[in-house]
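Here the structure comes first, spelled out in structure tokens, and everything after it is commentary.
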Amino acid sequence: MNRLQKLRHKLIEEELEALLVSQPENYRYLSGFTGSSGWLFISNDSALLAVDFRYTEQASRETADFEVIQVEGELTDWFPKLALNSGAKGIGFEAEHLSFATYQQLAEVVIVNQYQLQLIPTSGLVKSMRIIKEPREIELITRAAELADAAIDYVKSIIHPELTEREIAWEIERFLREGGSEAVPFDLIVASGPNAALPHAKPTGRIICPGEPIIIDIGARVGGYCSDLTRTLCLEKPSETFSKIYDVVLEAQFTAINSMKAGMSGSQADQLARTIINQAGYGEAFGHGLGHGIGLAAHESPRLSANSSDLLSSGMIFTIEPGIYISGWGGIRIEDMVTLERDKIKVLSKASKILS
């Protein structure tokens, strides 16, 4: 059963006659269209890809299962009539992506013109399909992971105390792009010394120094699919504090990797690593979740966090990234991408975690 067929079965289950898909990763997943602006309209007997003049030729080249139609103006200018012509009355839309303002405008058009249409908010219909990766998706994510691994090896070979965080980040991004990556999936993180206490720090003009933590969080994109990898480096001999915290984070990650299994919830997986960090006395310094799914988006389901009810199952790909962050000193994070195969975790990232 292809993706379009699977979605149509979901529409029947949700008692929807049609679905308007607006989230870029979702319309790419279903249609293959990679443009930055487009809409899918899917019912039981039609599959339309609506784009403006800029994307008509591209859309025709990239998709085979959808009829490409050219539209003009705002969504409110063309969508209500398209929906009416389809004969569908109960139409779902992606509430997590379509803005409330746009929904209000659509609703007003429906009311003013007395159209027999009902706009129904939906959540996760396509995202729930994306959570289990197909073999081709796993292949592309693995290639993206290999690029990130190679970038870590490269930066280890060129990093030295005279470089700034920004210079290192640029060297990594250049390496990734020259190695075949599409646009990187997120802003690369290079955070040294006290800056490493910020989990999502941005590279600055700070010059890196020996003995301090240097968090490097990077990703590549291949065929639209992302990777996500973090290593914490130290130039020359690490301090006693660095070594102690690093060992705690590494133990937490190894414990999670070796103990996860299918059927476990995201909160149970998170607790595996969190227990180790809590027992070491750093519980309050681990303020984010253990990991997240990855695919066409850098962050997607499942979520591995203290309050996540997402259930892990074979075919998922997600990160495992415990961290400890201490204000004024810095932080340590170690992140790998893994896939769950036949109830066992397989680590996709290969970059060394041994400090040297």
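Computed quantities for the displayed model
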| quantity | calculated |
| --- | --- |
| Overall form of the stretch 194-256 per C-alpha gyration tensor (a/c, 1.5; a/b vs b/c) | oblate |
| Length released on extending from E284 to Q58, taking residue separation times 0.36 nm less the Cα-Cα span | 76.4 nm |
| Beta bridge orientation in the chain: antiparallel %, DSSP, nearest 5 | 75 |
| Y55, Y27 arranged by Cβ crowding within 10 Å, fewest neighbours leading | Y55, Y27 |
| Between the stretch 135-186 and the stretch 282-327, the Cα center-to-center distance that results, in Å | 21 |
| For the chain, with +1 on Lys and Arg beta carbons and -1 on Asp and Glu, the positive-most of N44, Y325, Q105 along the dipole | Y325 |
| G331 long-range amide H proximity, modeled H, under 5 Å | A196, A197, I326 |
| Backbone HN-Hα couplings from phi across the stretch 157-167 [Karplus 6.51/-1.76/1.60, Hz, Gly and Pro as x] | 7, 10, 6, 7, x, 8, 7, 9, 4, 5, 5 |
| Prolate/oblate/rounded label for the stretch 135-347 (Cα gyration tensor, a/c 1.5) | oblate |
| Degrees, to the nearest 10: 240-259 long Cα axis against longest axis of the chain | 50 |
| Global geometry of the stretch 22-103, whether rounded, prolate or oblate, following the gyration tensor of its Cα atoms and the 1.5 cut on a/c | rounded |
| Distance (nanometres) between label positions extended 7 Å along Cα→Cβ at K6 and E240 | 5.4 |
| Residues with amide H under 5 Å from that of L163, placed H, sequence gap 5 or more | I208 |
| Too-long pairs where the Cα-Cα distance tops 28 Å, listed order kept, from K202/K353; K10/K89; K133/K244; K89/K133 | K133/K244; K89/K133 |
| C-alpha long axis of helix 75-86 to longest principal axis of the chain, angle in ° | 60 |
| For the stretch 3-130, share of DSSP beta bridges that run antiparallel, in % to the nearest 5 | 40 |
| Residues whose placed amide H lies under 5 Å from that of H292, excluding near-sequence neighbours | L304, T319 |
| Per-residue HN-Hα couplings for the stretch 319-333 [Karplus 6.51, -1.76, 1.60; θ = phi - 60°; Hz; x = Gly/Pro] | 9, 10, 9, x, x, 10, 10, 10, 4, x, 10, x, x, 10, 9 |
| Whole-Hz couplings from phi, Karplus 6.51/-1.76/1.60, listed for the stretch 6-13; x for Gly and Pro | 4, 5, 4, 5, 5, 4, 5, 4 |
| Difference of contour (0.36 nm per residue) and Cα-Cα distance, S157 to K202 | 14.0 nm |
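Values quoted throughout were computed directly from the atomic coordinates according to the rules given, and no laboratory measurement underlies them. Bear in mind that the values here come from a model prediction, so they are computed numbers and not experimental data. Methodologically, a virtual Cβ is constructed for each residue, glycine included, from the backbone with ideal geometry; neighbour enumeration extends over all protein chains shown.
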